[in-house]
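Every number here is computed from the coordinates shown, using simple stated rules; none is lab data. Just so it is clear, the structure is predicted and the values come from calculations on it, not from any experiment. Quick reminder, even Gly has a Cβ in these numbers, built from the backbone with ideal geometry, and neighbours come from all protein chains shown.
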Amino acid sequence: MTRANKTRDSGNETIQMTQNLSFSLISTNKIIQMSNVSTSYDSKNFALEKINLSIDRGTNYAIVGQSGSGKSTLLKLMNGMMVPSSGTIKIDYVSPNMNNKKFKKMMHTIGYIPQSLGLVKNITVLDNILIGALPRLNKIQSFFRKFPEHEVTEAKRIISLVGLTGKENRKAYMLSGGEKRRVAIARALMQKPTILLADEIVSELDHVTAKEIMNLIADAQKRMNLTAIMVHHDMQLALEYANRVAVIKEGHKILEIGVEGDTIVDFQTGDMTTEEIMEMHADDTKK
Amino acid sequence: MTPKNNILIGIIVGLVLIASYNIEANPLDFVEGFPNLGIILEEILVLENIVDNMKYVPSALLAMLETLQMAFIGTVVGVVIGLPFSMLAARNLNSKFVYAPIRILLAIVRTFPSILWAMLFVIVVGLGPFAGVLAIILYTIGFVTKLQFESIETIDSDPMDAVSSIGVSKFQLIRYVVIPEAASHLLGQMLYMFDYNVRQSSILGIVGAGGIGFFIIQYIKFFEYGKAAVYLFVVLIVVLGIEWISVKIRDKYIVKSQHGMEVTAK
Ligand SMILES: Nc1ncnc2c1ncn2[C@@H]1O[C@H](COP(=O)(O)OP(=O)(O)OP(=O)(O)O)[C@@H](O)[C@H]1O
Ligand SMILES: [Mg+2]
């Protein structure tokens, strides 16, 4: 109780407390909840408007939409890099905001792979991956760059997992696009994440490499019971890997579907056949 | 050329003329005084004098070594002290309440030319190279921090955002992202600063703060231009040598890494 009181979240504290209680009773399963979230970069246009989302723990969630529709913005809201101008977001009942101490601790286990990957160019693959373990170092270790033996072992294990064995001492700028993506994924896995946010990490890759990388994440997701939220350009790819797909258009969520094998369940817009859904997106991408 | 530009050029030319009048910069004085240079050169370039003055080369080299030591210590210590200040002065790492006061402080430090710092430290710690080293340190802090925080502000924000989203501490962000990303710039600036400080240390002797400048000014005062020339020549050779070495280092480690090329040949 006192902890909930202390949390200075943007929402109303009393409401939050009761929500905390009721949610934990009804469904501890919701890891991300967004209600009526709007945000903008400038005062004129909304980048996202009135988004409602709720994501179950362990889901492989996909967000699809055209360029400029607000997909990256949605991910930045989930990892606290941006805050909504209205509405509420809760990640495990905490509002994502970099200045919120409680959330900052949670960030340790939210793997975020930005569209630009964000690798440190002049350091090696291994050093880039070890960055994911930084929150687990104490002050002295991080001052002297002394990673414990088991962290280095773990990093090497992940390196072989993502297929970068033999390249651990390469500088990041010397890697190919696909290899860079593997490094970014490895850095995120090094965080021992509970949530993985990935922004179009396979969009620019050839089909084979894209599949390899998607399988890699799907494996990790199942094994670590990760909640993966991946942004895609390609509806086909999203349907192939995700349990849930949300379609964003011009800052609005226009569709959310569940995928179970070959059947597609429509969660938002009522009755729509698989063909209609596919066609709808085909229109989107042609523009 | 637009009329606006013409007016601007007119104003600049006008200002140069007014300024010249005020400081009594008269081209005629220069022309009339020119033969004096001939007299100096004549004394320097007489063969016997040159041979005779050669015996001063070892002591000139020794004085130059002291100068180099001053520049080296001053540069390294100045850069090391400067770096944390630069981190605090960078706008992409701090709030206004941190970077603004730090920038003002650094701007004040930067206002003093090294020779003024040297005079100050001669008063504080007495004559000799230590005063010169302190002067170089202070000058370096003022100067190099501006280069440093400006280059820190231009580093790619993508890795910074990606790594901050892990929830690392500010120190870790600097240690593991900012410094590696800016390393080649920081190293380049340090070389540049050393280059510059060698030249500066050569004149700090004028106010008694050690180094080769002390000898040069003494000889000039007593009209011993030949000896002064030997010392100046040593400065010239050493400065050129350092310039050459730093170009080599720059080529090998800095330029290539900035252009994303492989640095170490396999
Ligand atoms: N830093 C920014 N400053 C101002 N506007 C921005 C900024 N980033 C994004 N926007 C705007 O917000 C809207 C949504 O951008 P967002 O990056 O979320 O799109 P996206 O769906 O990820 O597109 P893409 O597929 O091209 O990556 C766009 O209209 C974009 O122009
Ligand atoms: Mg995007």
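Structure notes:
- Computed over the range A:114-193, the convex hull of the alpha-carbon atoms projects to a mean area of 5.1 nm².
- Descending semi-axes in whole angstrom, ellipsoid equivalent of the range B:163-261, from the Cα gyration tensor: 42, 17, 5
- Taken over the range B:94-153, the percentage of Cα pairs per 5 Å bin, counting from 0 up to the bin with the maximum distance, is 4, 19, 23, 20, 14, 10, 7, 3, 0.
- Remark: the B:Phe30-B:Val13 segment gains 4.1 nm on full extension, using 0.36 nm per residue and subtracting the alpha carbon distance.
- Rounded to the nearest whole angstrom, the semi-axes of the ellipsoid equivalent to chain B, taken from the Cα gyration tensor as √(5λ), stand at 40, 27, 20, largest first.
- Two-site label geometry, B:Glu42 and B:Ile81: point separation in nm, points 7 Å out along Cα→Cβ: 4.9
- Cβ-Cβ FRET estimate between A:Thr153 and A:Asn243, R0 fixed at 35 Å, reported to 0.05: 0.60
- Among B:Met160, B:Met193, B:Met119, the residue with the largest mean-square fluctuation in a Gaussian network model of chain B, with springs joining Cα atoms closer than 10 Å, is B:Met160.
- Compared with the direct C-alpha span, the chain from A:Glu212 to A:Met224 gains 2.5 nm at full extension, assuming 0.36 nm per residue.
- Springs join every pair of Cα atoms under 10 Å in this Gaussian network model of chain B, and among B:Asn49, B:Asn26, B:Asn94 the largest mean-square fluctuation is at B:Asn26.
- Alpha carbon centroid spacing (whole Å) that separates the range B:16-42 from the range B:207-230: 23
- Farthest toward positive dipole pole in the range A:143-198 [+1 Lys/Arg, -1 Asp/Glu at C-beta], among A:Gly163, A:Gly178, A:Thr153: A:Gly178
- Relative frequency of Cα-Cα separations exceeding 38 Å in the protein assembly as shown, percent: 49
- Positive-end residue of A:Gly251, A:Met224, B:Ala90, charge dipole of the protein assembly as shown with Cβ unit charges: A:Met224
- Within 10 Å of each Cβ in A:101-111, the average number of Cβ atoms from other chains: 2
- For peptide A:112-118, the mean count of partner chain Cβ atoms within 10 Å of a residue's Cβ comes to 5.
- For the range B:153-198 versus the range A:42-95, the gap between their alpha-carbon centres in whole angstrom: 31
- Shielding of A:186-195 by partner chains, average beta-carbon count, 10 Å: 1
- Label point at B:Ile50 placed 7 Å out along Cα→Cβ; residues across the range B:201-225 whose backbone nitrogen lies under 17 Å: B:225
- Database remark: amide H of A:Ser86 closer than 5 angstrom to the amide H of A:Ser38 (H placed geometrically; neighbours at sequence offset of 5 or more, or on other chains; Pro and chain starts carry no H).
- Highest mean packing first, where packing is the average number of other Cβ atoms within 10 Å per residue, the peptides A:127-134, B:86-93 line up as A:127-134, B:86-93.
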